[in-house]
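> Once you've had a glance at the structure underneath, I'll fire off some questions.
The values are calculated or read from the model by the stated rules, or taken from the named source; none is laboratory data. Fair warning: this is a prediction, and the values are worked out from it, not measured in the lab. Note that each Cβ is placed from the backbone with ideal geometry, even for glycine, and that neighbours are counted across all protein chains shown. Surface accessibility is based on the protein's heavy atoms, side chains included, excluding ligands, DNA and RNA. Shrake-Rupley method; radii C 1.70, N 1.55, O 1.52, S 1.80 Å.
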Amino acid sequence: SVNMRIISGLHRGRRINMPKKLVIRPTTNLGKESLFNILNNSFDFTHSIVLDLFSGTGGISYEFASRGCVSITSVDINKKSTDFIKSVSDKLMLNLNVIKSDIFRFINITKSNYDIIFADPPYNMELKKYEELITNIFKNKLLKIDGVMIIEHSKINSLKELKNYKETRIYGGCCFSFFKI
């Protein structure tokens, strides 16, 4: 099985074994560390409400939880993913709100708003789906006024032309694009 490590916070250094059949492409440690350094400058995690879309193995959710976020919702369409995240959440007592749903459906029905929205869609998702994701998140007011939405994507896609785009940071093969109101 593959190991995933929590980088910081209460559960710092803790390794989580991922079942082989769930090995999707987790965010690299370098990427995670860099992302959380950026967020740390703008947010007090203990007051932050977080939405993790396409949460996969839950790596990003565990980082937020380990840093003491007040509320974290992890959404993925894959039952193996949501079952795995629930089991880790129970074991580490992380209190994650795990939802099995199609992401596009979820963002159209949820009534919550969030300080931080992180999305890590499949790298092969087409640009118009990225556009639909971002448009609907802003249209449905899922992001708080001073919140941030971060999309992880490959260098193949540029999201610069999309509405509410602010900047992209690149770490190795992965890019984080930031969107704000």
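> Checking the structure you have, find out if any residue of region 153-173 is in contact with a Phe, Trp or Tyr (Cβ under 9 Å, 6 or more places away or on another chain), modelled with pLDDT of 95 or more and of a type in the set (Ser, Thr, Tyr).
Looking through region 153-173, at least one residue is in contact with a Phe, Trp or Tyr (Cβ under 9 Å, 6 or more places away or on another chain), modelled with pLDDT of 95 or more and of a type in the set (Ser, Thr, Tyr).
> Which one is surrounded by the fewest Cβ atoms within 10 Å (Cβ to Cβ) among residues in region 115-145 that are in contact (Cβ under 8 Å) with a residue 12 or more places away in the chain and over 22 Å from CYS175 (Cα atoms)?
ILE145
> Can you name the residue in region 148-160 that is part of a loop (DSSP other than H, G, I, E, B) and either aromatic (Phe, Trp, Tyr) or touching a helix residue (DSSP H, G or I) at 6+ places or on another chain (Cβ under 9 Å) (or both) and is also surrounded by the fewest Cβ atoms within 10 Å (Cβ to Cβ) among such residues?
SER158
> In addition: Tell me which residues, restricted to region 36-66, are of a type in the set (S, T, N, Q) and under 27 Å from PHE104 (Cβ atoms). Spell out the reasoning first.
Narrowing region 36-66 to residues of a type in the set (S, T, N, Q): 37, 40-42, 46, 48, 55, 57, 61, 66.
The answer is SER48, SER55, THR57, SER61.
> Another question, if that's okay. Being open to solvent by less than 50 Å² (accessible area, probe 1.4 Å), touching a Lys or Arg at 6+ places or on another chain (Cβ under 8 Å) and either closer than 25 Å to ASP83 by Cα or modelled with pLDDT under 75 (or both) is the filter here, so list the residues in region 20-43 that pass it.
LEU22
> Considering (1) open to solvent by 20 Å² or more (accessible area, probe 1.4 Å); (2) among the aromatic types (Phe, Trp, Tyr); (3) under 25 Å from ARG169 (Cβ atoms), say which one PHE84 fails and leave the rest.
Result: PHE84 fails condition (3) only.
> Hey, ASP52 hits all of (1) open to solvent by 40 Å² or more (accessible area, probe 1.4 Å); (2) in contact (Cβ under 8 Å) with a residue 40 or more places away in the chain but one; which does it fall short on?
(1)
> Just to be sure, is ILE99 open to solvent by less than 10 Å² (accessible area, probe 1.4 Å), modelled with pLDDT of 95 or more and not polar (S, T, N, Q)? Talk me through it step by step, then tell me what you get.
On the way: open to solvent by less than 10 Å² (accessible area, probe 1.4 Å): no; modelled with pLDDT of 95 or more: yes; not polar (S, T, N, Q): yes.
So ILE99 does not fit the description; no.
> Moving on. Would region 56-69 turn up any residue that is within 23 Å of MET125 (Cα to Cα), touching a Ser or Thr at 6+ places or on another chain (Cβ under 8 Å) and either hydrophobic (A, V, I, L, M, F, W, C) or open to solvent by 70 Å² or more (accessible area, probe 1.4 Å) (or both)?
Yes, region 56-69 has at least one match.
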